[in-house]
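Each remark here refers to the structure printed beneath this line.
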Amino acid sequence: MEFKDLKKQYQILKSDIDCEVERVMTNCNFIAGEEITELEQQLANYVGVKHCIACANGTDALQLALMTWGVGVGDAVFVPDFTFFSSGEAPALLGATPIFVDVEKDTFNISPVSLEQAIKQVIEQGELNPKVIVAVDLFGQTADYRAIRELANQYDLKILEDGAQGFGGASGNKKACSFGDISTTSFFPAKPLGCYGDGGAIFTDNDDWAEELRSLCFHGKGINQYDNIRIGMNSRLDTMQAVILKIKLKQFINYELSAINDVARMYTNALSDIVITPYVEENNFSSWAQYTIICKDKEQRDLIKEKLKKQDIPTMIYYPKGMHEQLAFEDRCIKVGDYENTMYLKDRVLALPIHPYMTKEDVDRVVQEIKKNV
Ligand SMILES: *Cc1c(COP(=O)(O)O)cnc(C)c1O
């Protein structure tokens, strides 16, 4: 069994993808061009924001957003403690100090109560400038933007929505990647919408930031690429990836999002009595970047993982460590509180195989194997 069956997806889309990739190779227009612009417009329309800027990956997208706001040495950036490394890596790379904040035990997303404590602590200490909240839409569900926006307003902070796992999700009638002052996503192959290599995108309604982002991802270009008005990056999406993404976006909207929600529903119906199944907030719609169960304790989690592996069923532990525990952040982050929920989750979480092409038989196999071992 595959954790995410990208091979099956390719077989379904093969004729369209092969044809488009061949066209790019025949034309040899590998960088930039109208394919990129078309994809950016489709993504912006889908998410419901004014501007989309494609870039090389989701980590660069975060860095570019922070560069647009001039985030650097002396600035405090609030980041959930339970997330993928990039959410804290990007601010740290720019010299800013990540402040790791505990998450909610049920949604896995940043806790607004812990966030306010962290903001107050940084202000009290008086050494850093509180600048940005990085809110991550973990495992496919949007963070609590109502509460986060209130705090951002109250303490004059910007919101950077890390929607690398959230793309396709929604809260009410507002789509993921539309909640941040700037929002980002990743097209890494295993993300909800993935390409065939690395890719990313940045979303904003702000015209000035959009213009600056376009410049920053292209060596800080001015009127053209040989007029450089700021220090930027080389962070563009390949044309090849853009044509693949255009085909995959259609399938994502027309079929995959509802299919993966059907799979999630099957899992939850079968498992909710024996383990803690993912909690999706009322009015929220998840894109199921992961389907993560919470086991009774570490022993049970590790046993289930091992037994499933023996049956050729792959599972993953996202994440085995809190951000505050990562060696890379030692001496360069600020810790707030004891991270009770991260510590609880890291020992108990287990991500099960999930993708839009998963059959009921596959789901049943996973469920039966788990039932045997709880
Ligand atoms: C994958 C991921 C990223 C980074 O995306 P890349 O395209 O791999 O650089 C950032 N944040 C989160 C939450 C992610 O899951």
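A short reminder: the numbers here are calculations on the coordinates, not readings from a lab. The model shown is predicted, which means the values in this text are computed figures rather than measured ones. Cβ atoms come from the backbone with ideal geometry, glycine included; neighbour counts cover every protein chain shown.
Quick one: in segment 166-291, what % of C-alpha pairs are over 23 Å apart? Of all Cα-Cα pairs in segment 166-291, 46 percent lie more than 23 Å apart. Counting neighbouring beta carbons within 10 Å and listing from fewest to most, the residues Val363, Val103 come out as Val363, Val103. Within a straight-line Cα-Cα reach of under 20 Å, Lys346 can be paired with the following lysines, leaving aside sequence neighbours fewer than 8 residues apart in one chain: Lys105, Lys296, Lys298, Lys305, Lys307, Lys309, Lys321, Lys335. Multiplying each eigenvalue of the alpha-carbon gyration tensor of segment 12-155 by 5 and taking the square root yields semi-axes of 36, 18, 13 Å, largest first, rounded to whole angstroms. Across the chain, Cα pairs under 8 Å and at least six residues apart give a relative contact order of 22 percent. Taking other residues whose beta carbon is less than 15 angstrom from the beta carbon of Ala264, and scoring Lys, Arg as +1 and Asp, Glu as -1, yields -2. Each principal axis of segment 52-116 carries a Cα extent, and these read 32, 27, 19 Å when sorted largest first. Determine the shape class of segment 104-241: with a ≥ b ≥ c the square roots of the Cα gyration tensor eigenvalues, call it rounded for a/c under 1.5, and otherwise prolate if a/b is greater than b/c, oblate otherwise. Since a/c reaches 1.5 but b/c is at least a/b, the shape of segment 104-241 is classed as oblate.
The residues Arg365, Arg348, when put in order of fewest to most other Cβ atoms within 10 Å, stand as Arg365, Arg348.
Please report the antiparallel percentage of the DSSP beta bridges confined to segment 147-227, to the nearest 5. Can you show the working numbers first?
Numbers: 6 of 9 bridges.
The antiparallel fraction comes to roughly 65 percent.
A cut-off of 5 Å between modelled amide H atoms, ignoring neighbours fewer than 5 places along the same chain, links Ile276 with Ile294.
What value, in deg cm²/dmol to 500, does the helix sum -39500 (n - 2.57) over DSSP H runs of n ≥ 4 give at 222 nm once divided by the residues of the chain?
On the way: 12 runs with 152 residues, N = 374.
The helix contribution divided over the chain gives -13000 deg cm²/dmol.
In order along segment 240-246, phi translates into HN-Hα couplings of 4, 5, 5, 5, 5, 5, 4 Hz, rounded to whole numbers, per the Karplus curve 6.51 cos²θ - 1.76 cosθ + 1.60 with θ = phi - 60° and x for Gly and Pro.
3J(HN,Hα) along segment 269-281, derived from phi through the Karplus expression 6.51 cos²θ - 1.76 cosθ + 1.60 where θ = phi - 60°, amounts to 4, 8, 10, 5, 7, 10, 9, 7, 8, x, 9, 9, 4 Hz, with x in place of Gly and Pro.
Residues whose amide H comes within less than 5 Å of that of Asp75, counting only those at least five positions distant or on another chain, are Thr97, Asn129 (H built at 1.01 Å from N in the peptide plane). Computed 3J(HN,Hα) for segment 118-132, one whole-Hz value per residue from the Karplus formula 6.51 cos²θ - 1.76 cosθ + 1.60 where θ = phi - 60°, is 5, 4, 4, 4, 5, 5, 4, 5, x, 9, 10, 8, x, 10, 9, glycine and proline marked x.
The aspartates and glutamates whose alpha-carbon is closer than 20 Å to the alpha-carbon of Lys360, local same-chain residues fewer than 8 away aside, are Glu2, Asp5, Glu256, Asp262, Asp273, Asp312, Glu369. With K and R counted +1 and D and E -1, the other residues having a Cβ less than 14 Å from that of Ile244 yield a net charge of -2.
Please work out whether segment 77-178 counts as rounded, prolate or oblate from its C-alpha gyration tensor, where a ≥ b ≥ c are the square roots of the eigenvalues and a/c under 1.5 means rounded, while otherwise a/b larger than b/c means prolate and anything else oblate? Write out the running numbers ahead of the final one.
Numbers: a/c = 1.78, a/b = 1.46, b/c = 1.22.
It is prolate, given that a/c is not under 1.5 and a/b is the larger ratio.
For Val101, the residues whose amide H sits under 5 Å from its own are Val79, Asp81, ignoring neighbours fewer than 5 places away on the same chain, with H placed 1.01 Å from N. Across all directions, the shadow cast by the convex hull of the chain built on its C-alpha atoms averages 18.5 square nanometres.
Could you put Trp69, Trp288 in order, starting from the residue whose Cβ has the fewest other Cβ atoms within 10 Å? Present the calculation step by step, with values, prior to reporting the outcome.
Details: Trp69 18, Trp288 26.
Lowest to highest Cβ neighbour count: Trp69, Trp288.
With the cut-off at 1.5 for a/c, could you classify segment 221-374 from its C-alpha gyration tensor as rounded, prolate or oblate? Taking the square roots of the gyration eigenvalues as a ≥ b ≥ c, segment 221-374 is oblate.
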